[in-house]
Amino acid sequence: MRYTIPSYKRKQILNKIEGLNKRIVGMEGQRIEYTASLDYEITININDADMLVKVFDIDVTNPMVSLNGWSFLAVTEHSKEGNIILKKLYDVEIPEQYQNSDTYCEHCNTNRYRKYTYLVYNNETKEIHQVGSTCLTAYLGFDASLLMAHAELFTHLKTIMDDDRERG
């Protein structure tokens, strides 16, 4: 996957990727493999005015980083009006049962009030499980904050790409 990012964010983004890669070492996880291009200029239109903006490309060869076979898929925000799936990553279809699910945790088998539940995806078995935040680390067998940080990074990259005002 290719992300086109404003050049002024180069150091911040590359440091974040390398920081995640350092945390992955020793956890039997897959590093984020990427290449970063040299800076170049593109023309974007903001408020009917064309502007030249310096950007660079990050090509990521494995955007679905996993640990012990599991990847972070999404956060489900539960409300009275219905569920909102946040930070959906990857090309994995989320089954309808999770789009309309209650706050049931498939680890502790309890259904209690939770504002958020987390969907995790097993790359080998293609299973998706809904887990509460207090059970997430126990369920996966490692600190799930690493996968969440990874998901946040790629959501941030996509936001930057889609926001002309950010690039301008």
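Bear in mind these aren't lab numbers, they're just calculated from the coordinates by the rules spelled out. Being a predicted model, the structure only gives us computed values, none of them experimental. Glycine gets a Cβ as well: all are built from the backbone with ideal geometry, and neighbour counts include every protein chain shown.
Structural remarks
- Violating pairs (Cα-Cα greater than 25 angstrom) within the set Lys54/Lys158; Lys16/Lys115; Lys9/Lys115; Lys80/Lys158; Lys22/Lys126: Lys16/Lys115; Lys9/Lys115; Lys80/Lys158; Lys22/Lys126
- On the beta carbon distance between Arg2 and Val25, with R0 = 25 Å, the FRET formula returns roughly 0.50.
- Computed from label points 7 Å out along Cα-Cβ, the spacing between Cys108 and Glu127 is 2.0 nm.
- Using the Cβ-Cβ distance between Glu33 and Ser79 with R0 = 41 Å, the FRET efficiency computed as 1/(1 + (r/R0)^6) comes to roughly 0.65.
- Selection among Leu52, Leu20, Ile32 by position relative to the dipole of segment 3-59 gives Leu20 as farthest towards the positive end (Cβ unit charges, Cα centre).
- Those trypsin sites (Lys or Arg not before Pro) in segment 93-130 that DSSP places in a loop and that have at most 16 other beta carbons within 10 Å: Arg112, Lys115, Lys126
- Using a simple spin-label model with pseudo-atoms 7 Å out from Cα toward Cβ, Lys11 and Leu52 lie 2.4 nm apart.
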